[in-house]
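Take a look at the structure below.
The values are calculated or read from the model by the stated rules, or taken from the named source; none is laboratory data. Small disclaimer: the values here were computed from a predicted structure and weren't measured. All Cβ positions, even for glycine, are placed from backbone atoms using ideal geometry, and neighbour counts span all protein chains on display. Keep in mind that these areas ignore ligands, DNA and RNA; they rest on the heavy atoms of the full protein, side chains included. Shrake-Rupley method; radii C 1.70, N 1.55, O 1.52, S 1.80 Å.
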Amino acid sequence: MKQGFFTGLLIVVTYAVSLGFYAWMGTTPPESMFHAVWKGGPVVSVLMALIMMVIAYIVERIIALNKASGKGNIPQFVQSLKQDIENGSIDEAIAKCDDHQSSLSAVLRAVLDRYRKMVSMNVTDRDKKISEMEKAVEEATVMEMPLLEKNLVAISTIASISTMVGLLGTTLGMIRAFAAMATSGAPDAVQLSMGISEALFNTALGIVGGIMGIVTYNVFTNKVDHFNYMIDEAAFYIIQTLGTGKTQ
């Protein structure tokens with residue numbers, strides 16, 4: 001519900017801003033670059049809105065992934081946690097997870113909580129311990145991954161839509177250009193130039209939106225995969241250490 005509201009609000013705001021900016025470009029001097037972009041036609045306003053949406057999602061993802069990284073250096077946190085677990089200091093390890101406040105620490109804290117619960121219940125079966133801790137990892141990961149992957153589909157979708165909308169604007173511009181050439185007598189040079197200009201600017205803006213979306217989607221996907229790898233690696237070590245009773 002909240003996600004749908006944010007997306008709807010973002011669409012309305014970005015398109016309103018792009019329409020206002022597009023209207024302003026039409027009032028600029030004919031020799032200015034803004035006026036030349038304005039000649040690209042109304043599809044330009046849609047492309048500008050898509051580009052602004054991508055930028056908004058990029059900012060949101062940067063903030064969210066920085067928050068998911070927690071406080072402090074992740075490798076140092078993991079190494080410190082391993083030392084506490086090897087020394088049998090489970091409570092200290094849990095406290096460090098609380099302090100770090102990252103997606104990784106949330107998953108590892110779930111493992112430690114499950115282990116401490118089994119200890120309090122005097123569970124001694126190794127396979128049961130490992131099975132329960134693995135379930136804790138799965139449950140915590142299911143909670144954390146949607147937060148890490150949020151809006152990535154939207155960025156990918158906008159990248160595809162931007163390219164298609166740019167192609168639509170290009171097609172409309174070429175229709176205008178060919179219509180100018182099809183007039184009887186000498187071709188209408190003004191309409192011909194406007195048609196070509198419309199086609200080129202729509203092509204350029206569509207490509208810009210597509211490139212921004214594709215590049216940022218791949219960057220953020222790579223960061224999420226890296227998070228997932230660190231979670232799996234650290235959780236596997238902790239489960240094996242606690243499951244085999246190697247703690248002090």
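Other residues within the sphere of radius under 10 Å centred on the Cβ of residue 41, judged by their own Cβ, net out at +1 (K and R +1, D and E -1). For the options 52, 121, 212, a Gaussian network treatment of the chain with springs between C-alpha atoms closer than 10 Å singles out 121 as fluctuating the most. When the residues 7, 163 are ordered by accessible surface, computed with a 1.4 Å probe over the protein chains alone, the sequence from largest down reads 163, 7.
The convex hull drawn around the Cα atoms of the chain, when projected onto a plane and averaged over every direction, covers 17.3 nm². For the range 17-109, GluC sites (Glu not before Pro) are listed when DSSP marks them as loop and at most 12 other Cβ atoms sit within 10 Å of their Cβ; the list is 31. Give me the angle, in degrees from 0 to 90, between the Cα long axis of helix 90-100 and the longest principal axis of the Cα atoms of the chain, rounded to the nearest 10. Here the helix axis deviates by roughly 20 degrees. For the peptides 220-226, 237-243, the ranking by mean Cβ contacts within 10 Å, running from highest to lowest, is 237-243, 220-226.
Taking the longest Cα principal axis of the chain as reference, the axis of helix 103-120 is set at about 20 degrees.
Remark: the Cα gyration tensor places the range 40-106 in the prolate category, a/c being 1.5 or greater and a/b exceeding b/c. The phi torsions of the range 151-157, fed into the Karplus equation with coefficients 6.51, -1.76 and 1.60 and a -60° offset, translate into couplings of 6, 5, 5, 4, 5, 5, 5 Hz, rounded to whole numbers, with Gly and Pro shown as x.
Basic side chains Lys and Arg get +1 at the Cβ, acidic Asp and Glu get -1 at the Cβ, and with that the dipole of the chain about its Cα centre reaches some 180 debye.
Only helices enter this figure: runs of n ≥ 4 DSSP H residues, each worth -39500 (n - 2.57), summed and divided by the residues of the chain, yield -29500 deg cm²/dmol at 222 nm to the nearest 500.
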